[in-house]
Amino acid sequence: MNEKFYLTTAIDYVNGAPHIGHAYEKILSDVIIRHKRQLTDKAFMLTGTDEHGIKIQKTAAARGIEPKQLCDENFSKFEKAWQELEISYDKIIRTTDEQHKKVVKQIFKKLLENGDIYKHSYTGLYCSGCESFLSPKDLTSDGLCPDHLKKPEEITEENYFFRLSKYKDKLIEYIKTHPGFIMPSFRVNEILNQLENIEDISVSRTKTAVKWAIDVPDDDEQSIYVWIDALSNYITAIGYDTENPSEQFKELWPADVQVIGKDIIKFHSIYWTAILMSLGLPLPKTILAHGWITIDESKMSKSLGNVIAPHDVLESFKLEHPDAFRYYMASAAPIGRDGNYSDEDFKEKVNADLANNIGNLLNRTLNMLVKYFDGEIKAESITDKNSKIAQYAQNAKNQIIESFNNYEIAEAAGIIVSFADFVNKYVTETAPWTLAKEGKMQECSEVLYNVLEAMRHIGIMLYPFCPNISKDILIQLNEDLDFKYDKLEWGIIKEGKITDKEKIKPVFLRLDSEFAIDKKKGK
Ligand code: MSP
């Protein structure tokens, strides 16, 4: 396969700093894109920040600073967090970028020219948390926004409206005939129900109400609705232009997957798709709505004081790299379901899977190779691809590809851990130390070869989740740092010396192990 693969993430509001909920989405997305890069050279990941709107205007005003200054400060925090988590995006867009602003105006103009935008006077209830009008039936019994638990503001304005109702039947038809369009599929009915009652939406605000926004072209009084601005990032970032779209746009669009949280699925599967239809552009192949991360089973919120920044986790466990956190987050929940973070569970899971199951297995096997064979693989110990363990590796590879095709990321991680379990059992059953004691050196060397070759596979399979640990596994095996899936063939470790006593190092230390504690103390 060398097909293109274009992935986008939601763009985060910059009225605050990143927390582990934002990080969850970026990690899931990064794991997907790293996996795709193992299969193709043309995988592209876009992320970014959503910098306009009343929410940001208000936060900046409360701090007595200009909105752009707030955006700059918080953008750097997001950028730094993604670097720390090794999110390997190809582009990060800010909606305050000049090119983006220019093209959003073009898009607005084109929708107007198509007759899909018209002016209309309107009274509605606006929630600045959602940056959206809510219908009275969406509210709680106390009249609050169910997501932000705040009373929406009643607003009467003459605004521009987008003819969403015109696209209702086309959208319903599209969703019904494209099963993979909204994933996971349990979300489909919710969207179809919302579509039944869909009305045209306001796509501008008066400048007196919202100043911090992109101007409506040829109108001094109106600014463009922040969601129209934000959603357009997926195409402006790769060079869309209503007149002259770039080569990159032609190559990458439509997106293969747009990763978002379950709270903003309506904006993507209804508003965004209707806009694309109006622009005459193809729809993304999949909108993937992940669940939310809770902390110790509670919703993360400033008022509860339980917001955790990704940096806090890396810092408090003195992690040398983000792999353990990435692995934990990516396996936190089946796709679409909510997941939970707790320090205890984090420690337990990464110790069990990364330190014990995978790390120890490699360490023990390399030590046996040194003890019995001076760290050397003999030509006659190389096994063929028909062995049980080689077959298992092949199946695991196919299952991982399949899981990623269905965006079942946690399942893909589970397949790797089960493979390591299988290899651990194989070592216990074949007992290479007993074989050595009994002088059955040929059998013993074959067992060690099987385990090391399986570890090489695990090193490559784990790469999207744990790029650093994967690298260390391949270094320990004296193999090239090539993580492409065509290396998942049996028998790539060749004869020759691969290690000695001094070179063997654990690839992942148990959190709170003596070594790890020493590291924390700076020894
Ligand atoms: N700016 C909009 C998205 C515009 S996309 C064109 C927005 N921003 S956000 O900062 O509130 O959220 C960004 C992403 O993070 C969303 O996909 C949202 O679902 C996700 N998450 C925010 N909090 C989260 C958790 N606690 N857990 C998991 N994801 C969460 O919405």
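Values for this structure:
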| read-out | value |
| --- | --- |
| Derived scalar couplings ³J(HN,Hα) [the stretch 111-119; Karplus, 6.51 cos²θ - 1.76 cosθ + 1.60; whole Hz; x for Gly, Pro] | 5, 5, 4, 6, x, 8, 10, 9, 9 |
| All lysines inside 17 Å of K58 as judged from Cα atoms, apart from same-chain residues fewer than 8 positions distant | K68, K150, K151, K207, K211, K302 |
| The stretch 1-68: relative contact order in percent, alpha carbon pairs under 8 Å with at least 6 residues between | 47 |
| Alpha-carbon gyration tensor eigenvalues x 5, square-rooted, for the stretch 1-120, Å | 28, 23, 11 |
| The stretch 160-229: relative contact order in percent, alpha carbon pairs under 8 Å with at least 6 residues between | 33 |
| Under 5 Å, built H, 5+ apart or other chain: amide partners of D215 | I224 |
| Backbone HN-Hα couplings from phi across the stretch 353-364 [Karplus 6.51/-1.76/1.60, Hz, Gly and Pro as x] | 7, 8, 7, 6, 5, 8, x, 4, 4, 5, 4, 4 |
| Accessible area per residue, Å², the chain with all protein chains present, probe 1.4 Å | 43 |
| Long-range amide H partners of G339 with built H, under 5 Å | W292, I293, T294 |
| Cα-based reach from K440 at 16 Å (exclusive), listing lysines while leaving out same-chain residues under 8 positions away | K371, K378 |
| The chain - percent of accessible surface contributed by carbon and sulfur, probe 1.4 Å | 48 |
| Environment charge at T40 (Cβ cut-off 11 Å; Lys +1, Arg +1, Asp -1, Glu -1) | +2 |
| Cα gyration tensor category, rounded, prolate or oblate, for the stretch 338-395 with a/c compared to 1.5 | oblate |
| Of every Cα-Cα pair in the chain, the percent that sits beyond 31 Å | 51 |
| Cysteines, the chain, no other Cys beta-carbon under 4.7 Å | C71, C444, C466 |
| Interchain or long-range residues, amide H under 5 Å from A43's placed H | F5 |
| Whether the stretch 343-520 is rounded, prolate or oblate, judged on the alpha carbon gyration tensor where a/c under 1.5 counts as rounded | oblate |
| Contact order normalised by residue count of the chain, Cα under 8 Å, 6+ apart, percent | 16 |
| Residue-by-residue Karplus 3J(HN,Hα) for the stretch 400-416, coefficients 6.51, -1.76, 1.60, Hz, glycine and proline x | 5, 4, 4, 4, 5, 4, 9, 6, 9, 6, 4, 5, 4, 5, x, 5, 5 |
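The values are calculated or read from the model by the stated rules, or taken from the named source; none is laboratory data. Everything numeric here is computed off the predicted structure, so don't read it as measured data. Glycine also receives a Cβ, built like all others from the backbone with ideal geometry; neighbour counts cover every protein chain displayed. Side chains included, ligands, DNA and RNA excluded: accessible areas come from the protein's heavy atoms. Shrake-Rupley method; radii C 1.70, N 1.55, O 1.52, S 1.80 Å.
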